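The values are calculated or read from the model by the stated rules, or taken from the named source; none is laboratory data. All values derive from a computational prediction rather than experimental measurement. Virtual Cβ from ideal backbone geometry, glycine too; neighbours counted across all protein chains shown.
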Amino acid sequence: MKFLSFFLILLFPATIIFANESDNSYSSISVFESEIYSSLFSNEEIRNIFNDKSLVTNWLRVESAIAKSQAKLGIIPKSASVSLIEILDIKNIDLVKLGSQTRKVGRGIKGMLDQLRAKGNMDVKNYLHLGTTTQDIMDSATSMQIKQAIGITKTNLKELILLLNNVAYKNRSTIMVARSNGQDAIPTTFGLYLSTFIGELDRHYTRLEEVESRIYLQFGSTVGTLAPYKNKGLELQKLVSKELKLPIALTPWNPSRDSYVEVVQTVALITSTLGRLGLDVNNLGRNQIGELSEGESGASSTMPHKRNPRASEFMVSFSYYGKMYACAAPDMMNHNDIRQGAPWILEWSIIPESFMISNTSIDRATAMINKLKINKDQMLANFGSSNNFVMSEAVMNFLVDKVGRGKAYDMMKKAVKNAPAGMSFTDLLKSDKDLSLLLSDEEIVVLTDPKNYLGSAVEQVEMIYKKINSKYK
């Protein structure tokens, strides 16, 4: 099933797809549908939530919930409800024909209703879609899709969080150089380094739970007054809410799309975190650093020695996609009066694509971390890239008790500045006339060993490991 195909037809009726006369196949301009690229951008669980068949099925579910609820309140005869529930089935909808009908009308609901009325009995003709409006059906269906997509995203995100947590714990004592602004800083552990990603993803999970609670039922008739239902409107709204398991907003929200914008921007945060992870894996995998490498990478078409870090590069690219959607999402709020079509149309593309990109990025990250190669020996060896001057802070802080913080800093800065090119940090400490008077050979050995300047890194990772497992397991 083509992903949101009839919506794409609506937006680009003349050019979106081109028939191939030789084999009668279709070629899409979208990477989500391309025979060549779609496997790189696809998460099947998300595709199955937002594809055409699922979309129309959700429209039908909303119409069915309304019919059931109306019958309970005597708004329509019970016999009509039976007829309506029977006809409200995806098997009664010709999606190709619906695409053509949508192109003429600009929305898919009228075409769907026309097809159902053509096949239904008089009860269907008389009572289908009674008192409701296109926005009620489409928005409620979108809310149902979003809730499903959030559920899938949370499941996938949880798996990745637990995976990262396990890798961090196993490497809680794996020593590496911490870098800031592209420069060597001080020692840390690979476990603590990974913890920042765990923390971000954990907060994103919480954000998903919060925004999920703000995804509402849309049911207010034409402009939110519930006027067609007279004094039964609010009770009917409650019954439909119960049927669809969608909460009722405090106020009518026809033009209020803030919750949908919040969804898009929340999943964009996930892709941004994973983009940062991908960027770091890419950088730490450089030949000159060599601390990490992806377990499976893309081969070069011309250089036999080269292995391209495909997972990390796609994660970075997906973060750009996420930012693009996040920047566009506030325009979904640009409704005037009770409703405006132009910003509404944005949702049809931005929402499903945001979930597709974020979950594909999670998939990439999970596969990458599962096969990540961690070169512990190289992590230690890289302390030598600065001739071990990365340990200068450790020595400075040791000297504080002897000469005070200010003087200790000035002494170290002067010694480092005047060190001959290529001299090791250990030799500098032994040869500098001021420092050598304050440091014994035994103290120099201890102070220049990275494992002795890790602070509470290991303990923090152990604490994080317990808290994350307690939350998600």
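In table form, for the structure just shown:
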{"read-out": "Residue tally, condition assigned to a loop (DSSP other than H, G, I, E, B) and either within 22 Å of Asp184 (Cα to Cα) or not hydrophobic (A, V, I, L, M, F, W, C) (or both), over the stretch 424-451", "value": "7"}
{"read-out": "Enumeration of residues in the stretch 417-448 that are of a type in the set (D, E, K, R) and in contact with a helix residue (DSSP H, G or I) (Cβ under 8 Å, 6 or more places away or on another chain)", "value": "Lys430, Asp432, Asp434, Asp441, Glu443"}
{"read-out": "Ala421 being in a helix (DSSP H, G or I), at negative phi and modelled with pLDDT under 95", "value": "no"}
{"read-out": "Residue in the stretch 215-233 that is in a loop (DSSP other than H, G, I, E, B), under 18 Å from the mean Cα position of the chain (by Cα) and under 27 Å from Leu130 (Cα atoms) present", "value": "yes"}
{"read-out": "Checking Met324 against (1) over 16 Å from the mean Cα position of the chain (by Cα); (2) over 21 Å from Ala141 (Cβ atoms); (3) without any contact (Cβ under 8 Å) to a residue 12 or more places away in the chain, the condition it does not meet", "value": "(1)"}
{"read-out": "Residue check, Ala415 on the phi < 0 side of the Ramachandran plot, in a loop (DSSP other than H, G, I, E, B) and either hydrophobic (A, V, I, L, M, F, W, C) or surrounded by fewer than 16 Cβ atoms within 10 Å (Cβ to Cβ) (or both)", "value": "no"}
{"read-out": "Selection status of Leu438, surrounded by 16 or more Cβ atoms within 10 Å (Cβ to Cβ), of a type outside the set (Val, Ile, Thr) and not assigned by TED's automatic domain parsing to the domain that holds Glu291", "value": "yes"}
{"read-out": "Hits in the stretch 75-109 - residues which are assigned to a loop (DSSP other than H, G, I, E, B), small (Gly, Ala, Ser) and surrounded by fewer than 22 Cβ atoms within 10 Å (Cβ to Cβ)", "value": "Gly106"}
{"read-out": "Within the stretch 309-333, considering residues that are under 16 Å from Gln265 (Cα atoms) and either among the hydrophobic types (A, V, I, L, M, F, W, C) or at pLDDT below 95 (or both), the one surrounded by the fewest Cβ atoms within 10 Å (Cβ to Cβ)", "value": "Cys327"}
{"read-out": "Qualifying positions in the stretch 452-473 - over 20 Å from Glu393 (Cβ atoms) and either out of contact with any helix residue (DSSP H, G or I) (no Cβ under 8 Å at 6 or more places or on another chain) or part of a helix (DSSP H, G or I) (or both)", "value": "Val461, Glu462, Met463, Ile464, Tyr465, Lys466, Lys467, Ile468, Asn469, Ser470, Lys471, Tyr472"}
{"read-out": "Residues (surrounded by 21 or more Cβ atoms within 10 Å (Cβ to Cβ), among the hydrophobic types (A, V, I, L, M, F, W, C) and closer than 11 Å to Thr142 by Cα) located in the stretch 47-74", "value": "Ile49, Phe50, Leu55, Trp59, Val62"}
{"read-out": "Residue that is under 30 Å from Lys78 (Cα atoms) and surrounded by fewer than 20 Cβ atoms within 10 Å (Cβ to Cβ), where the choices are Arg214, Arg117, Arg203", "value": "Arg117"}
{"read-out": "Tally of residues being closer than 16 Å to Trp253 by Cα and surrounded by 19 or more Cβ atoms within 10 Å (Cβ to Cβ) across the stretch 217-232", "value": "7"}
{"read-out": "Condition check for Leu194: more than 26 Å from Ala342 (Cβ to Cβ), hydrophobic (A, V, I, L, M, F, W, C), at pLDDT 95 or above and over 27 Å from the mean Cα position of the chain (by Cα)", "value": "no"}
{"read-out": "Residue in the stretch 147-156 that is surrounded by fewer than 23 Cβ atoms within 10 Å (Cβ to Cβ), modelled with pLDDT of 95 or more, under 23 Å from Glu212 (Cα atoms) and touching a Leu at 6+ places or on another chain (Cβ under 7 Å) present", "value": "yes"}
{"read-out": "Residue in the stretch 425-435 that is within 45 Å of the chain's Cα centre (by Cα), among the charged types (D, E, K, R) and either under 23 Å from Gln183 (Cα atoms) or assigned by TED's automatic domain parsing to the domain that holds Ala185 (or both) present", "value": "no"}
{"read-out": "Any chance Met396 is of a type in the set (A, V, I, L, M, F, W, C), surrounded by 14 or more Cβ atoms within 10 Å (Cβ to Cβ), touching a helix residue (DSSP H, G or I) at 6+ places or on another chain (Cβ under 9 Å) and without any contact (Cβ under 8 Å) to a residue 40 or more places away in the chain", "value": "yes"}
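Every residue, every condition in (1) more than 25 Å from Lys230 (Cα to Cα); (2) in contact with a Leu (Cβ under 6 Å, 6 or more places away or on another chain); (3) touching a residue at least 60 places away in the same chain (Cβ under 8 Å), yes or no:
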site: Glu44; (1), (2), (3): yes, no, no
site: Leu60; (1), (2), (3): no, yes, no
site: Ala67; (1), (2), (3): no, yes, yes
site: Val96; (1), (2), (3): yes, no, no
site: Thr102; (1), (2), (3): yes, yes, yes
site: Lys110; (1), (2), (3): no, no, no
site: Asp114; (1), (2), (3): yes, no, no
